[in-house]
Amino acid sequence: MREISTYVDIDATLGHVWEVLTDFARYPDWNPYVRELTGEVRVGATLALRTQPSRGRPVDFTARVTAVTEGVELRWAGGLPIPGLFGGDHGFALSPHNGGARVIQDERFSGLLVPVMGSIIDRTLENFERMNQPLKEWVEAKASAGAGR
């Protein structure tokens, strides 16, 4: 198993962050990596994702939602069609931090192919990091616009 993790601090409430992370239809508006995401925010739901890595072609895959705790955690898992070869358990964890929110994004990779997938895993971390600043800016802009109502 191998785990990667990155985080971003956002000057907004956990509720604002949760609203953005679970508004899958709007991912193309702010997310440079996850360009399409469809499905329901409920445990057991199937998600369809299209990612656009910084290097390479788009990647389409499905995942199953494994955890939903409103304002706290969203997780999904997917992998190759043959169980045990290569899979990922992806998550967003939200927590209060310095009057705002901290979002930790992680993925736990498992399976027989993990030892030979090092460069793909490293690039996945780079792509997660590419999401941090746009997520921060999008959430903070939405929170600011909502405060002005």
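The values are calculated or read from the model by the stated rules, or taken from the named source; none is laboratory data. Worth saying up front: this structure is predicted, and the values here are computed from it rather than measured. Using ideal geometry, Cβ is built from the backbone for each residue, glycine included, and neighbour counts are taken over all protein chains shown. With ligands, DNA and RNA removed, areas are computed over all heavy atoms of the protein, side chains included. Shrake-Rupley method; radii C 1.70, N 1.55, O 1.52, S 1.80 Å.
The residue list G71, G78 contains one member that is under 15 Å from the mean Cα position of the chain (by Cα), on the phi > 0 side of the Ramachandran plot and of a type outside the set (K, R), which is G71. Scanning region 75-89 for residues that are assigned to a strand (DSSP E or B), at pLDDT 95 or above and open to solvent by 30 Å² or more (accessible area, probe 1.4 Å) returns A77, D89. Taking L37, is it out of contact with any helix residue (DSSP H, G or I) (no Cβ under 6 Å at 6 or more places or on another chain) and surrounded by 17 or more Cβ atoms within 10 Å (Cβ to Cβ)? The answer is no for L37.
Taken residue by residue, region 70-90 has no member that is within 24 Å of G15 (Cβ to Cβ) and in contact (Cβ under 8 Å) with a residue 60 or more places away in the chain. For R55, the conditions (1) over 23 Å from A143 (Cα atoms); (2) basic (K, R); (3) in contact with a strand residue (DSSP E or B) (Cβ under 9 Å, 6 or more places away or on another chain) are fulfilled apart from (3).
Of everything in region 46-74 that's among the aliphatic types (A, V, I, L, M) and over 15 Å from L21 (Cβ atoms), which residue is surrounded by the most Cβ atoms within 10 Å (Cβ to Cβ)? Here the answer is A48. Looking only at region 97-149, residues that are of a type in the set (G, A, S), surrounded by 15 or more Cβ atoms within 10 Å (Cβ to Cβ) and more than 20 Å from the chain's Cα centre (by Cα) come to 1 in all. Pairs meeting the criteria (first residue in region 138-149 and within 13 Å of W30 (Cβ to Cβ) and modelled with pLDDT of 95 or more, second residue in a helix (DSSP H, G or I) and open to solvent by 50 Å² or more (accessible area, probe 1.4 Å), beta carbons under 8 Å, at least 6 apart or on different chains) are W138/D29; V139/H16. Restricting the first member to region 108-123 and to residues that are farther than 21 Å from R75 by Cβ, and the second to residues that are surrounded by 17 or more Cβ atoms within 10 Å (Cβ to Cβ) and β-branched (V, I, T), the beta-carbon pairs closer than 9 Å and six or more apart or on different chains are D122/I4. Note on region 1-24: residues that are touching a helix residue (DSSP H, G or I) at 6+ places or on another chain (Cβ under 6 Å) and surrounded by 19 or more Cβ atoms within 10 Å (Cβ to Cβ) total 6. Would it be correct to say that P28 is without any contact (Cβ under 8 Å) to a residue 12 or more places away in the chain and open to solvent by less than 80 Å² (accessible area, probe 1.4 Å)? So P28 passes the test.
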